Structures are given as structure tokens and as C-alpha cells.
1. Out of A:251, A:233, I need the residue that is within 25 Å of the chain's Cα centre (by Cα) and closer than 30 Å to residue B:82 by Cα. Which one?
2. Can residue B:93 be described as closer than 21 Å to residue B:163 by Cα, within 14 Å of ligand 1 (Cβ to nearest atom) and in contact (Cβ under 8 Å) with a residue 12 or more places away in the chain?
3. Within the bounds of segment B:110-117, is there any residue that is within 16 Å of ligand 3 (Cβ to nearest atom) and either more than 15 Å from residue B:235 (Cα to Cα) or out of contact with any strand residue (DSSP E or B) (no Cβ under 6 Å at 6 or more places or on another chain) (or both)?
4. For residue B:85, only one of the following conditions fails: (1) part of a loop (DSSP other than H, G, I, E, B); (2) facing chain A (nearest Cβ under 7 Å). What is its number?
5. Check A:201, A:175 and return the single one that is surrounded by fewer than 20 Cβ atoms within 10 Å (Cβ to Cβ) and away from chain B (no Cβ under 12 Å).
6. Tell me yes or no: at least one residue of segment A:122-130 is at pLDDT 95 or above and more than 22 Å from residue A:304 (Cβ to Cβ).
Ligand SMILES: Cc1ncc(C[n+]2csc(CCOP(=O)(O)OP(=O)(O)O)c2C)c(N)n1
Ligand code: SF4
Ligand SMILES: [Mg+2]
């Protein structure tokens, strides 16, 4: 292990991407993630890569399409309104099976909304914000060390399955500073990219990168291939943290920085003799449904806490499948729930459950 | 016997899907001949548009990517930044380039992106059945301007070459036409020079090609060629707008 350095979340993403072998980055400025661009603009020219400030997020995602199709490890980043503009390209890249990483440092919406932290883009990320049947792997780190490791992993997963991987963070994660311990050398998945458009050199048939399949049978076959890939990922790539779930009277769940608040709530609750567990999805897709289903056997209720009006809670309900009640507590607009608010909600629920 | 006319190597040996009298196919041939003559088929990556030429990745023998509607210059930018030593071109229609993809083409040109664009101006949306294009002429009847394009309602056609030639990053800009043999020869010369300008690293290069759409113009192939000459060229003057003097 290398030595510890103190860094800002957005810079951790950029540094981790470079360590993962990403030399091409395309972006359009938007708060609260512009430091990623600043870091890339400084570093990439020094290592023989390219930083391009695109004319829009639409252009940026299509530059990513070109770069990924040309065989490079490449990345774009943005925040919510910009990610909305990228949906066209995300759908096309998913169909063309182009591996790349998209970062969303989520801010509050809808509309231009505000620049404060939020988790209102969950549906867009995991249910497909663009058209058609596609999935992205969506990773939701809760600390900067995890942000670093998952950013490297995002590139590996993308290359391994020829899929888009999204890092979902919020403004807190992007702006906070924490010590990071970088590895001396990253584990890089070496993919065979013989499908990429790199020039035939007159030595092979020409390669084509496309998302168009005009004939019904051919497009259905392609969809079936995509779906079986998604099934494989769902069986192999689920990541989840379970904390204190054994014997828990109630299990709270949150992803990203909100889960850190919940850990404090759990400690405070324990002092009052209330046993609270935590399930923290690290992959939002594939969703760790099994962890919820298994814990539904013994706990009394679930509570999903989100910086949204209630999005991930729908996947929790699907996973729990009616076995136990699932409650929701959320704040929007950039408001952050306090530990006391959450503890009060927990007590209210347990009272209702006769606990 | 000497072979005097053959299929360029850079063109795949398949029949194309274009309508009779459509000049898209001939323009493909010109591009392929240029790739052959410059010996760059193996080091070229092309980008297909959305429009009637959407699947020309099947027709060119070089590596190809198919882009979303209007986004070809952005896709080409991504490719070129990864492979600065390769030749990268886009092939785009007027709806693709001058409507939905206006931002992408303007900024690729402004950045002086070292790519070449072959721009097919047929004054219509061919693929989607003849709607008005940003390049449709004043008075032109289309499925979405059934009473003729009226400037007070639909404004004036965009002169793409004139507009892009104002950008410093655009190194080579020329407008050519497909309406007769002499002009087809000129078109090939311009396309070849545009690729050479890219190879020399001067900046962005584009050739606007006045092209036919007999199907949606409701004209015969011969009438269509005449229409380019009589109606399009007076509004879209042929010639070089920039870069004629560049050494290649
Ligand atoms: C986002 C999006 N909007 C609309 C379309 C439908 N569409 C397909 S081709 C086309 C117009 C193409 O016209 P042009 O670029 O002039 O090419 P031509 O067919 O004339 O060669 C349109 C509007 C699409 N495929 N994608
Ligand atoms: S519709 Fe028009 S542009 Fe398209 S192939 Fe037919 S003639 Fe050519
Ligand atoms: Mg057209």
C-alpha cells in the first residue's frame, strides 16, 4: 500500500480513473463536479491523453462513444441536469455495448433545481433514463477510499462485460476531503478489444460499432444477448454492506453518504436499547435484493432513508415482497435528514409494529 | 485487356440500398476512390450518420462507427483524440448536420478538430419521407412545407459552407455538385484535398456536396440533376470558401 494523501472527492475520481488507465475524458462544466474536469484538464495532456471540454453534455457523451468504440478507457462526468442530456448517448452506448464510465455527482432537482446534494436520480440511473431495454452497472460509494476503489473497479467491470458503469455520488461525496490510501499498482482487467475501430491496417475485416438493427429478428436476438449479459452481471456483481443486521428489530437502508448518517443513528439507538441494522447497497444495479429477502425473515420492518421523495424504496419493497412492512423517510431540495429525525421515525415505526 | 473501371477496394462488394438516381451512392464511390488513392483504407475510421446513409458502415471497407442523429462530429472527435495518427471522417446529411447536429458540427470546426466531413446537401429529409430540411429552398414543397417554404414562417435555408468558413478552426471548406461529370470530377478533387488537409494537420475540413433526392423531390433522376443546376446552385454557389491554397 502507498502512503495516505488527503484529497477532495471529485479529485479522487479523476485520480482513480487515471490510475485505471483512463487517458480520455470529455465533459461540460456543471456544479458540483467541475473539479473532475479541472483535474483531468491538468493531468491528461501530461500523460499523452486528451481532455476535451465539449460544447454540451450531448457532445461529451458522444465523444465518449467514439473514444470507447476506438478501444480506449474513457470517462465523462456531470451532474443531474447534464446527465439528463446524456441519456440519448447512454442508450446508444448500451446498445452498441461500449465500455466506459459515466460519473453523476447528483444535485437536487427536478429542473434546474439546486446545487445541493440529492439522490433524486436513482430511477434514472437504475431503471433506464434513456429509451429501450438496457442496464448500466451503478456503483454508490459512501467514503472516499471506497470511491477510489470503485472508480478503478468501474473501468474493470465496464471492460469485462462491455457495459456502461455509472458512479453515483452526491455533492457531499464530491466536495468532502478524506485521507486516501492509494495502491502502488492497480488491478487492471485486460480486455480483448478486437471489436474496436482502430483501423484495419488491411489485415482484417472492417469493424463496425453500431446500435442500429433494422430487422426485427436480429434486434430481438441482440436484445436477448444484452439481457443474458445483464442476468450474468446480476448473479456475479452485487455488492452490499450489511451492518448489525443479525437480531435487528428494524433494518434501515440507504446508499452513499446517507448510510454514514445511519451508522450514527444505529449507535444512538443502541444506547437506548433499540437494535437497528443497516443494509447499504453498494451496487444500485444490480440491486442487492437477496440481502433484503434474507433479512425479511427475522427483522420486523425496513426503513429506507433517501435524499429523494422515495425512489430506492420501491426496489426495497420488491425485494421484501410483502413479507414485512417497508417505510420511507426522505428529504429533498438539498435538505439532509438529521440523526434525531431518523431516530424518531424508527421509534414511531417500532411502536406501530408493537416492538 | 486493361481494366479501366473497377470497384474501389475501399468499397465493399454489396449492392447499395439507395433509390434509382440518388447520388448518395456515387458520393460513396468518390470517397472510396480517395481512400484507395491515398492508400489510407487501413488507417481510416469513418462515422455513419442517421439519414439515408445510416448504414454506409456496411459499404465502406474501413473501420466504421454509426453515430446518433447529428452527433457524428462528436463521435469522430472521440475517435480522433484516441487515434490522432489515423484519418477520421464523417458522412452526414443536411438534417443530420444542419438541424439536430448544428452544435456538434460548428464546435468540431471551431476546435479545428482534425477530421473530414462529407456533407450531403439534398435540401430534404430523405430517410423520413421528405420533410423540410434546414437547407430546403424558399418555395420548396415538402411534406412539412406543403405550401412551399415560406420565409416569414420557416426562415431561410442555411448556407453551411459560408457559415463554417467564418470559423478559424475550419481549414478547408468547399461546395461541389453531383449534377454532371465535370462537377463529379471536381467533387472528387475536393474530397481528396479535404482528406489531405486532415493528414497535414491543418484543421477541420468539409466538402458540401449538392446531391439529389429524386424520390422525395418527386422528380425523375434526370430532372433531379437539372434541378440542382437550375435551383440549388443559384442559392448555393459552388467553389472553394477556404483552404484552396493549402499545400498538401
Ligand atoms: C433523435 C432522432 N430524431 C429523429 C430521427 C428521425 N430521422 C431519421 S433520419 C432523419 C432525417 C435525415 O435527413 P438528412 O440528414 O437530410 O439525410 P438524408 O436522408 O436526406 O440523406 C430523421 C429526422 C432520429 N433517427 N433520431
Ligand atoms: S430517399 Fe432520397 S436521399 Fe434517400 S436514398 Fe432515396 S433518393 Fe436518396
Ligand atoms: Mg437530406
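The values are calculated or read from the model by the stated rules, or taken from the named source; none is laboratory data. Computed from a predicted model, the values in this text were never measured in an experiment. Neighbour counts are summed over all protein chains in view; Cβ atoms, including those assigned to glycine, are modelled from backbone coordinates with ideal geometry.
1. A:233
2. Considered against the rule, which asks whether it is closer than 21 Å to residue B:163 by Cα, within 14 Å of ligand 1 (Cβ to nearest atom) and in contact (Cβ under 8 Å) with a residue 12 or more places away in the chain, residue B:93 comes out as yes.
3. yes
4. For residue B:85, the exception is condition (2).
5. A:175
6. Yes, because at least one residue in segment A:122-130 is at pLDDT 95 or above and more than 22 Å from residue A:304 (Cβ to Cβ).
One line per residue, one yes/no per condition, for (1) surrounded by 18 or more Cβ atoms within 10 Å (Cβ to Cβ); (2) on the phi > 0 side of the Ramachandran plot; (3) assigned to a helix (DSSP H, G or I):
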| residue | (1), (2), (3) |
| --- | --- |
| A:252 | yes, no, no |
| A:305 | yes, no, no |
| A:309 | no, no, no |
| A:349 | yes, no, yes |
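Rundown of residues vs (1) touching a strand residue (DSSP E or B) at 6+ places or on another chain (Cβ under 8 Å); (2) touching a residue at least 40 places away in the same chain (Cβ under 8 Å), yes/no style:
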residue: A:10; (1), (2): yes, yes
residue: A:13; (1), (2): yes, yes
residue: A:17; (1), (2): yes, yes
residue: A:23; (1), (2): yes, yes
residue: A:51; (1), (2): yes, no
residue: A:58; (1), (2): no, no
residue: A:68; (1), (2): yes, no
